[in-house]
Structure formats: C-alpha cells, structure tokens
Amino acid sequence: MTKQKYNWAILGCGKIAGKFSSDLKLLGNANLYATASRSLDKSTAFAEKYGFEKAYGSYQEMVVDPKVDCVYVASPHSHHHDHAILCLEHGKAVLVEKAFALTASQAKKMIDAARKNNAFLMEAFWTRFQASFEKVMQVLESGELGKARMMRSEFCFFAPYDPGHRLFNLELGGGSLLDIGIYPVFWAEQVFGIPSEITTTVDLAPTGADRSIAMTFKYPEGEIAQLTSSLAVCSDTQTEIWCEKGFIRVLRIDPSTVKVTISKKDSTAEDIIFHLDKGFGLLLEAKHVMECLDAGLLESPLLPLECTFRQMQLLDRIREIAGIRYPIKTQFS
Ligand SMILES: NC(=O)c1ccc[n+]([C@@H]2O[C@H](COP(=O)([O-])OP(=O)(O)OC[C@H]3O[C@@H](n4cnc5c(N)ncnc54)[C@H](OP(=O)(O)O)[C@@H]3O)[C@@H](O)[C@H]2O)c1
C-alpha cells in the first residue's frame, strides 16, 4: 500500500490517543481522517479538537469505512486483542498501543489475524524508535565497554489508588507490569535476551493488580538484570547497563528529552542529550508505520512481531511467577 497520504483513524478517544493525534498532525503524509469512540459525542469532540474529518460513534462503523488505511488502537490493553483483530479483519494496517495484549496467547491470535488478512501489524512501543535506544545498542555492539554483565532499569510513577481506573482494574488489564514494567523488561530482553531464571517480589493492590513489582533476571552466562515498576512511587525513569570497562546510563529527563551517559573506566563520562524539537515522540512510530507501508512490508524490521511475541511470553512467565492473573480464560501459554 504506497500512498502519498495515509488516512489514519483512532480507535478509543482517551488520553494517549490525544497525544498521538497531535503528533500525527506533524507528519506530512498522515491525514487525520476518522475518530471512533463508543460515544458519538466524545468522538465528535475529539475529532474537532484534533482536526479529524469524520467522527464515528462505534468502532464497527469506522472499520467498514474503506477510506481508512491505518488504525491506531488506543483502548486499554485488555481490549487490544479484540480491537486489533476487528481492524485486521477489515484489512486495515494496525498500530496497537503497548502492552500489545494481555497474554502471549492473545498476541499469537492477533499475529495470526494479521498474516491471514495480509495486513500490517505493529506494537506502538515508541521507545524502540528513539535515537537514544539506537545509540545505546550501537555502543554495546561496538564492544568499546567490554561485555555487558549487569543492568538496572526502572519505570515508576505515583497514581492515586482508584479500583475502577484502568491502572488498577484487572478487567482492564490493570497493574504496573503491563503498563510501565514492560519498558525495563524490554531493555533487559534487548541487551541480554531471554533469562534462564526469574525471581519476583510483588505488592498487589486490593484489586489484585500489581502496584509494584521488583524482578531479577539471571542469564545462562551469569548476567543479572534488576528491574522495577511501580504505581506507588516516583522515581527517575532510568536504565543503567554495567559493562566490564564502563557503564551506560539512560535517563529520561522529560517525554521529549533523554540523556545518555557513556562512562568509560579511567576517562571522563560523555553525556549525549537526545531532544525532540516537536511532538511527544509518538510520531516516530507513526512515521515508521508509513515507511513500512511505503516499502510494502506487513511488519516492521525494527520491531518485528516475533520480538513483540517473545516479550509477551516473557511477561506471561513473570506474571505466573508473581501470581498476577487476569480474569480471562487463557493465561499462560
Ligand atoms: N505509549 C505510551 O506512552 C502510552 C502512554 C499511556 C498509555 N498507553 C497505552 O494506551 C492504552 C490506553 O491508555 P490511556 O491512558 O489512553 O487510557 P484511557 O485514557 O482510559 O483511554 C482508553 C480509551 O479506550 C476506550 N475503551 C474501549 N473500551 C473500553 C473499556 N471497556 N473501558 C475503558 N475504556 C475503553 C475508551 O475510548 P472511547 O470511550 O472513546 O471508546 C477510552 O477513552 C493502554 O494500553 C496504555 O497502556 C501508552
């Protein structure tokens, strides 16, 4: 599907959908075409606010519109499976917010639906597309710091306890692990691969959602990763990768600025600031989707579905060990 402009639709007019839409406006080849909400009033207000041409009062009405090329699925993760499959079965290119699904089994069905319908599918894992990520991986691969042996990564923010909110409601996939813990888990998977041992310590909210989780991964060659996510505290959003001859620190300063420190033994540390002049960073993933479509690809070479599936399998393992269960039939595949 090569087009001069792609018609985008938004499924679920919530918080992140607003940020994504204002980023989409910054891309010359993205047309803000349609919004879809369970409420027509909400859809219309959202369309007016961000400048979409059409507003639909149901997801079903939007997916049957043949003019829609790409759909951004921005519902709670509990609904990504159903909503992504609905779009894929209508031949749309689909960008699904993280967490991609609740379980690996759901993720597999989404990937199967994409392949069956020859439709593009990708997880909206925006940090994968940041220049800071590329830089870190490049330094590690160059070997200049020796072998990476340990790491620490955290993502925490304080959210007041509200049992109905998607962050705490298990029916909506609540919990810190799937909301923000996936970032530290992603870093560990990218740097060290799949762990041979996992231990967890978890604090469950009264709803059963994980309010805080600390994870330790161990790898066959002795590498260790300590990972944390929490909805109960504030922290730096920081990843440190410790290598034989130095370390790398990745610090999120604000949503558009990341500082990467490369510290070599016996020399001064180098700070590199990666700053986005415009947008929230979500435009990077939308831009990448359209580049893939221009190239006739059905999945991203930077974030292949295999990578997303591996991550979902790892999250299943963590949840099984930690005793975090969602009210769905297939939990751990
Ligand atoms: N990439 C990032 O940085 C980032 C940041 C925040 C969140 N996210 C991800 O984006 C997704 C949405 O998060 P959000 O913070 O935007 O949530 P939100 O504000 O609650 O919005 C979610 C939207 O989903 C729709 N929805 C469909 N079925 C629903 C149901 N049963 N209950 C509640 N809402 C339902 C609603 O839209 P309608 O009422 O219009 O149908 C709602 O506004 C989550 O998967 C989250 O992890 C990503």
Checklist outcome for this item: Output for segment 15-102 (equivalent-ellipsoid semi-axes, sqrt of 5λ from the C-alpha gyration tensor, Å, descending) is 18, 14, 14
Checklist outcome for this item: Counting only protein heavy atoms and rolling a 1.4 Å probe, one gets per residue an accessible area for the chain in Å² of 42 Å²
Item to check | Coordinate range along principal axes, alpha carbons of segment 128-258, Å, largest first | outcome: 49, 34, 20
Next on the checklist: Tell me the mean residue ellipticity at 222 nm calculated for the chain from its helices only (DSSP H runs of n ≥ 4, each -39500 (n - 2.57), averaged over every residue, nearest 500).
Outcome noted: -9500 deg cm²/dmol
Item to check | Calculated FRET efficiency for the pair LYS3/GLU221, C-beta based, R₀ 45 Å, to 0.05 | outcome: 0.45
Next on the checklist: Using a 1.4 Å probe on the protein heavy atoms, what percent of the accessible area of segment 44-104 belongs to carbon and sulfur?
Outcome noted: 50 percent
Checklist outcome for this item: Heavy-atom accessible area of segment 265-333 with neighbours in place, 1.4 angstrom probe: carbon+sulfur share in percent works out to 54 percent
Checklist entry - Here are some pairs, LYS19/LYS54; LYS67/LYS135; LYS19/LYS116; LYS264/LYS287; LYS15/LYS278; which of them have Cα atoms lying more than 27 Å apart in this structure? => result LYS67/LYS135; LYS19/LYS116; LYS264/LYS287
Checklist entry - Rounded to the nearest 0.05, what FRET efficiency is calculated for PHE157 and ILE194 with R0 set to 30 Å and r the Cβ-Cβ distance? => result 0.60
Checklist entry - For THR44, what is the net charge nearby, where nearby means another residue's Cβ is under 14 Å from its Cβ and Lys, Arg count +1, Asp, Glu -1? => result 0
Next on the checklist: I'd like the Karplus ³J(HN,Hα) series for segment 103-113: coefficients 6.51, -1.76, 1.60, θ = phi - 60°, whole numbers in Hz, and an x wherever there's a Gly or Pro.
Outcome noted: 9, 5, 5, 5, 4, 4, 5, 5, 5, 4, 5
Checklist outcome for this item: In degrees rounded to 10, the 0-90 angle between helix 131-142 Cα long axis and the longest Cα principal axis of the chain is 40 degrees
Checklist entry - What FRET efficiency, computed as 1/(1 + (r/R0)^6) with R0 = 45 Å and r the Cβ-Cβ distance, is obtained for ILE273 and VAL64, rounded to the nearest 0.05? => result 0.45
Item to check | Per-residue HN-Hα couplings for segment 169-175 [Karplus 6.51, -1.76, 1.60; θ = phi - 60°; Hz; x = Gly/Pro] | outcome: 8, 5, 4, 9, x, x, x
Item to check | Per residue Cα convex hull volume in Å³ - calculated over the chain | outcome: 132 Å³
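The values are calculated or read from the model by the stated rules, or taken from the named source; none is laboratory data. For clarity, every value in this text was computed on a predicted model and none was experimentally measured. Methodologically, a virtual Cβ is constructed for each residue, glycine included, from the backbone with ideal geometry; neighbour enumeration extends over all protein chains shown. The accessibility values were calculated without ligands, DNA or RNA, using every heavy atom of the protein model including side chains. Shrake-Rupley method; radii C 1.70, N 1.55, O 1.52, S 1.80 Å.
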